[in-house]
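Student: If you scroll down you'll find the structure; I have some questions about it.
The values are calculated or read from the model by the stated rules, or taken from the named source; none is laboratory data. The structure presented is a predicted model; accordingly, all values stated were derived computationally and were not measured. As a convention, Cβ positions derive from the backbone with ideal geometry for all residues, glycine included, and neighbour counts pool all protein chains shown. Heads up: the accessible areas ignore ligands, DNA and RNA and are worked out on the full protein's heavy atoms, side chains in. Shrake-Rupley method; radii C 1.70, N 1.55, O 1.52, S 1.80 Å.
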Amino acid sequence: VPLTEPVDPVDMEDYLFTHPLAVDSGPLRDLLEFPSDDIEVIYSPRECRTLVSSVPEERYHKLGTGFNPNTLDKQKERQKGLPKQIFESDEAPDGNSYQDEQVDDLKRRSMSIDDTPRGSWACSIFDLKNSLPDALLPNLLDRTPNEEIDHQNDEQRKSNRHKELFALHPAPDEDEPIERLGIPEVPKEHFGQRLLVKCLSLKFEIEIEPIFASLALYDVKEKKKISENFYFDLNSEQMKGMLRPHVPPAAITTLARSAIFSITYPSQDVFLVIKLEKVLQQGDIGECAEPYMILKEVDTAKNKEKLEKLKSQSEQFCQRLGKYRMPFAWTAIHLMNIVSSAGKRKGSWSERRNSSIVGRRSLERTTSGDETCNLTNFRPATLTVTNFFKQEGDRLSDEDLYKFLADMRRPSSVLRRLRPITAQLKIDISPAPENPHYCLTPELLQVKLYPDSRVRPTREILEFPAKDVYVPNTTYSLLEGDYRSAKNSNAQ
């Protein structure tokens with residue numbers, strides 16, 4: 001095509017008519033072939049699963065990018081009382097404008113440059129001899145502090161200022177928004193396979209102080225924690241009385257002893273980790289845990305004086321440091337090992353581990369990695385955990401925990417070097433019912449049905465799922481600090 005000849009533009013309508021779009025075979029092919037007038041849109045309000053909606057009324061609504069406060073009625077309301085400003089460009093030209101220009105031109109020609117005081121052509125436009133002088137600027141050369149000038153400017157800006165200055169700007173065109181987020185399509189709250197864990201009792205060989213426990217799920221392969229902590233208190237009323245000066249009366253929401261965990265990807269690498277804490281006291285963890293390792297319940301009469309002394313010391317620490325905690329012991333349960341074993345046995349079962357084989361035979365895998373992990377149809381199991389590992393050091397880091405959990409799945413001498421603490425923790429593990437009663441969401445909201453508010457509740461524990469199952473704009477969740485104090489009061 002010669003460069004000098006213009007090329008006719010393509011007729012897009014004709015091109016689209018002669019070249020129809022090829023519809024690929026896929027799950028949405030039927031929707032593409034539907035006529036536009038053959039689809040009916042019906043608004044279906046979402047059902048709220050809690051007794052009270054978690055979304056506060058009109059809270060944060062105005063901070064959303066989809067919220068536009070500049071409606072036409074509000075614009076007219078704001079513009080009432082504003083003085084009308086007329087600029088030269090807004091004035092319509094009249095018939096006399098041409099004559100005025102001719103008169104001004106004659107004035108310029110009639111006056112000479114020599115007749116003007118300043119001798120400039122620009123000054124010849126005005127009648128400087130008969131014009132009034134400009135008003136003097138007071139205090140023009142005075143020294144004024146910068147702070148005072150800023151204060152004066154600030155006061156002048158505030159005078160006769162409209163209270164909604166930026167709102168007077170017209171709203172952006174709906175066809176060309178700067179930023180506008182649309183309504184999400186069919187929001188749906190995500191739930192994985194749900195597991196119900198009931199904590200029944202926690203007993204040590206000696207009872208000298210309150211002990212606090214927590215549960216959480218960990219994925220060894222991914223090396224991450226996949227749920228928040230569930231704090232529960234199984235202390236007797238006598239032990240709770242030792243902390244009465246420091247702990248206020250507990251709310252019913254903090255007395256939960258059963259929890260529902262959600263697992264999106266159940267696998268052979270998921271462990272239920274149990275951590276124990278005690279009131280902060282003088283000395284390292286080894287000294288604090290030594291009585292639990294050497295004193296036995298059968299020797300209570302023989303060691304009566306020693307136990308009374310330990311209990312007296314614990315009462316003193318509870319009175320002085322009852323608000324503070326220190327790590328004490330931990331253990332872990334191979335979750336899929338329990339689920340697969342419960343499916344092969346009848347009724348409930350109990351697992352007791354001997355300290356000589358901890359971390360080897362009793363904690364080895366009994367299922368192959370190729371088997372499908374299903375948490376919805378196994379038999380409920382009652383588990384008795386009899387051994388805990390003494391906390392080594394000031395803190396059990398996540399990296400150390402993942403190493404220990406990996407060693408639990410294969411014969412290793414690492415765990416055998418850890419000194420065990422004998423205890424009995426009884427828990428029930430079962431598939432969660434579809435509609436459990438007396439259930440609380442992670443935000444402590446009551447889930448339907450909740451017949452009696454005085455009954456000990458069951459807590460739903462928040463899952464930390466993978467990114468591929470994130471569903472934004474689905475549920476309104478409170479900030480962590482809004483309900484973290486309630487869970488901490490349970491541990492206190």
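Student: In debye, nearest 20, what is the charge dipole magnitude of segment 257-348 about its Cα centre with +1 on Lys and Arg Cβ and -1 on Asp and Glu Cβ, if you could check?
Tutor: The calculation lands at about 380 debye.
Student: Rounded, prolate or oblate: which fits segment 217-299, taking a ≥ b ≥ c as square roots of the Cα gyration tensor eigenvalues, rounded meaning a/c under 1.5, else prolate when a/b beats b/c?
Tutor: oblate
Student: May I ask you to give the percent of accessible area on segment 190-326 that is carbon plus sulfur, with a probe radius of 1.4 Å?
Tutor: 50 percent
Student: Which length gain, in nm to one decimal place, applies between Leu255 and Lys296 when the Cα-Cα distance is subtracted from 0.36 nm times their residue separation?
Tutor: That works out to 11.8 nm of additional length.
Student: Compare the peptides 159-166, 218-225 by average per-residue count of other Cβ atoms within 10 angstrom and give them in order, highest first.
Tutor: My ranking of the peptides, most packed first, is 218-225, 159-166.
Student: Collect residues whose amide H, placed 1.01 Å from N in the peptide plane, falls under 5 Å from the amide H of Ala423; neighbours closer than 5 in sequence don't count.
Tutor: Asn387, Phe388
Student: Here's a follow-up. Take each of the peptides 203-214, 443-454, 318-329, 232-243, average the number of other beta-carbon atoms within 10 Å over its residues, and list them starting from the highest.
Tutor: Descending packing order for the listed peptides: 203-214, 318-329, 232-243, 443-454.
Student: Can you find, among Ser258, Asn229, Gly192, the residue sitting farthest towards the positive end of the charge dipole of segment 188-305, where Lys and Arg contribute +1 and Asp and Glu -1 at Cβ?
Tutor: Gly192
Student: Please compute the modelled spin-label separation between His19 and Glu47, points set 7 Å along Cα→Cβ, answer in nm with one decimal.
Tutor: Simple spin-label model gives 5.0 nm for this pair.
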